[in-house]
Amino acid sequence: QRDANAAVAKAQSVEADARAGADASATAYESARALRSEAQRFEQAARAIHRSALAAARAKDAAARRAELSQRLTIAETARTAAETAQAAARTGPSDATMSRLRTLQTARDAAQLARERAAPALSIVYAGTGRIRRDGEDLPEGVRLPLPDGGTFDLDGIGRLTLHPGAAADAESVAKAEADLAGTLAQAGYGSVREAEDARQVRVEAEHRVAQARAKLEAAAPDGLDALHAALAALPAHAAPDPALPPVDAAAAAEEAAGDALLEASATFDAARHRHDVARTAHARADAEVTATEGRAARAALALAVFPDPAAALAALETRLQAEETAFAEATRHLERLEERAPDLEALRARHARAEATVEAARSALQTLAIDLRGLDTQIEERASAGIEEELADTADTLAAARHRLAAIQEECAVLQRLADALTSARQAAQEHYLAPVLQELGPLLRMLWPEAALTLDPETLLPHMLTRRETAEPFNILSGGTREQIALLVRLAFARMLARQGRPAPVILDDAIVYADDDRIETLFDALTRQAADLQILVFSCRQRAFRDLGGHMLTLTSAAEDLG
């Protein structure tokens with residue numbers, strides 16, 4: 001009883017200490033919560049100021065962006081107006097085709113006039129005295145050839161007047177026709193002279209240049225079009241006046257970060273105070289429970305002492321009874337262990353039972369399947385017995401014999417056709433070699449003029465160039481450059497022409513605007529190849545590039561009129 005009372009007193013003392021600690025932790029907890037609330041309000045205010053500063057910065061950026069877009073829009077609209085104005089001016093002048101036609105007709109007219117003047121009689125004067133010859137009141141210069149396609153009247157000092165009448169050589173029909181063609185084309189184009197058309201063309205070219213410049217400016221200012229520029233300008237937020245009370249964005253961000261750090265520190269302090277408060281409350285609850293428990297044990301001890309008038313004798317009897325119970329429990333435990341050692345494994349027995357059931361079920365299912373197959377085989381035997389198996393076997397044997405006979409005939413026919421195909425292939429290869437060998441022989445020297453130690457392979461099927469080997473590297477014809485392929489094609493044509501000439505079937509080689517992609521050194525080598533083959537071949541070269549083919553040599557063909565041929 002004394003022990004129980006001492007335990008109650010100790011538990012009450014511990015409970016009083018725990019209650020005091022819980023009260024102190026509650027006060028600290030409330031202070032930490034107030035501090036955290038203040039830090040939250042401060043952090044929210046700093047965040048709002050930071051957002052306002054960011055919005056102001058974005059508004060400032062939007063204003064700069066609006067000014068930039070407005071400037072670009074002004075430039076783009078000005079460029080579009082200039083392009084439309086220049087485009088209208090660019091449609092007024094003559095086209096390239098019209099100017100080319102006018103220049104050609106003017107050249108033809110000048111050539112006709114020059115030919116007429118060269119064919120007409122001319123006057124050249126050498127004065128020996130003071131007398132002069134005048135035409136239309138002006139002295140004729142001395143030593144100057146004066147063509148007279150239309151004749152003329154001259155005043156001779158001290159002699160009189162001389163009239164020269166043009167003869168047949170002064171025919172002006174070609175000149176009149178050339179002038180009529182030129183005048184008709186000028187009238188159709190709406191110009192009085194070629195000079196006027198040239199000036200109008202220059203105006204059109206300048207207008208087209210201005211159109212290109214304006215379009216370039218428009219593209220630079222509005223690469224996605226004016227509508228996109230208008231849309232980008234409209235998408236910007238409305239302009240708002242700046243708030244001078246707002247701090248800079250960096251300062252607002254630093255303030256928000258500091259407020260966040262303070263909130264984190266206050267939250268950590270609050271969490272620690274809450275933890276200490278929870279621990280103190282738990283300790284107080286345990287202490288209070290311990291007081292209740294010790295008081296209960298003390299009460300139970302008092303009741304037990306009241307039942308036993310002689311506590312010492314009762315305790316000795318209980319200890320004897322406890323010892324007997326412990327001995328019986330130990331014996332029962334050893335007996336249980338012996339039973340467990342001799343008992344079989346229950347899980348193994350269950351697994352074996354399940355496997356046996358599965359085996360029986362599988363055997364039953366297999367038996368049913370075999371019974372079904374047996375009935376099916378019996379049915380098939382009955383059907384085959386009534387269908388005449390012997391007759392079917394005989395028919396099958398006859399069919400097999402006929403098939404073997406047919407197979408032998410087909411194999412013999414295949415062998416004959418294979419021999420024929422081999423003979424045709426050999427004959428075709430021999431014919432191709434016989435045909436291509438002279439061509440390759442003629443082609444070799446020409447090819448080495450361009451690429452020393454080069455070799456060309458022709459496709460035996462199409463007789464076209466197939467592979468060019470240079471410096472031990474084979475290149476397919478279709479991956480060569482345009483200039484190389486053009487030059488090879490030219491050399492192949494020359495080789496074929498030489499082969500035909502050697503066989504007594506000469507054919508002319510006609511080249512129309514060939515050697516387009518050759519550089520200066522390569523074109524000189526090709527000219528040498530043409531000159532070499534032209535020794536016993538007729539080669540006609542047509543080209544509009546007179547300067548490039550000036551060094552080709554040969555006989556230059558010109559077009560002459562029928563009148564010149566007759567003269």
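The values are calculated or read from the model by the stated rules, or taken from the named source; none is laboratory data. It should be emphasised that the depicted structure is a prediction, and the values quoted were computed from it without experimental measurement. Quick reminder, even Gly has a Cβ in these numbers, built from the backbone with ideal geometry, and neighbours come from all protein chains shown. To get the accessible areas, we keep the full protein, side chains included, count just its heavy atoms, and leave off ligands, DNA and RNA. Shrake-Rupley method; radii C 1.70, N 1.55, O 1.52, S 1.80 Å.
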- request: Please calculate the 1.4 Å probe accessible area of Thr81, with all protein chains present, and give it to the nearest 10 Å².
  value: 80
message: Could you give the length gained by full extension between Arg471 and Ile159, i.e. 0.36 nm per residue of separation minus their alpha carbon distance, to one decimal place?
response: 103.6 nm
Matching label, Cα extents along the principal axes in Å computed from the structure shown, candidates (i) 195, 115, 54; (ii) 93, 74, 55; (iii) 103, 67, 49: (i)
- request: Rounded, prolate or oblate: pick one for region 318-418, where a ≥ b ≥ c are the square roots of the eigenvalues of its C-alpha gyration tensor, a/c under 1.5 means rounded, and failing that, prolate if a/b is larger than b/c, else oblate.
  value: prolate
field: Along the chain, longest interval not containing exposed GluC sites (Glu not before Pro), exposed being DSSP loop plus at most 11 other Cβ atoms within 10 Å
entry: 143-452
task: Note down the magnitude of the dipole of region 23-172 about its Cα centre, charges +1 on Lys and Arg C-beta and -1 on Asp and Glu C-beta and zero elsewhere, to the nearest 20 debye.
output: 880
- request: Would you mind working out the accessible area per residue for the chain, using a 1.4 Å probe, and quoting it in Å²?
  value: 70
query: Which of the aspartates and glutamates could a cross-linker span from Lys60 if the Cα-Cα distance has to be under 20 Å and same-chain partners fewer than 8 positions apart are dropped?
result: Glu68, Asp243, Asp250
statement: Carbon/sulfur accessible area of the chain, % of total, 1.4 Å probe, equals 56
query: Ordering Phe154, Phe329, Phe42 from largest to smallest accessible area (1.4 angstrom probe), what's the sequence?
result: Phe329, Phe42, Phe154
query: Quick one: if the Förster radius is 30 Å, what FRET efficiency do Ser124 and Ala176 give, using the C-beta to C-beta distance and rounding to 0.05?
result: 0.65
- request: Would you compute, from DSSP H runs of 4+ residues alone, the mean residue ellipticity of the chain at 222 nm, taking -39500 (n - 2.57) per run and dividing by the full residue count, rounded to the nearest 500?
  value: -26000 deg cm²/dmol
field: On Cα atoms only, tilt of 96-119 relative to the major axis of the chain in degrees
entry: 20
task: Give, rounded to the nearest 20 debye, the magnitude of the charge dipole that the chain has about its Cα centre when Lys and Arg contribute +1 at Cβ and Asp and Glu contribute -1 at Cβ.
output: 1640
query: Taking a point 7 angstrom from the Cα of Ala253 along the C-beta vector, which residues in region 41-58 have backbone N less than 19 Å away?
result: 43-58
query: On full extension of the chain, what length is gained from Arg364 through Gln441, given 0.36 nm per residue of separation minus the C-alpha to C-alpha distance?
result: 18.8 nm
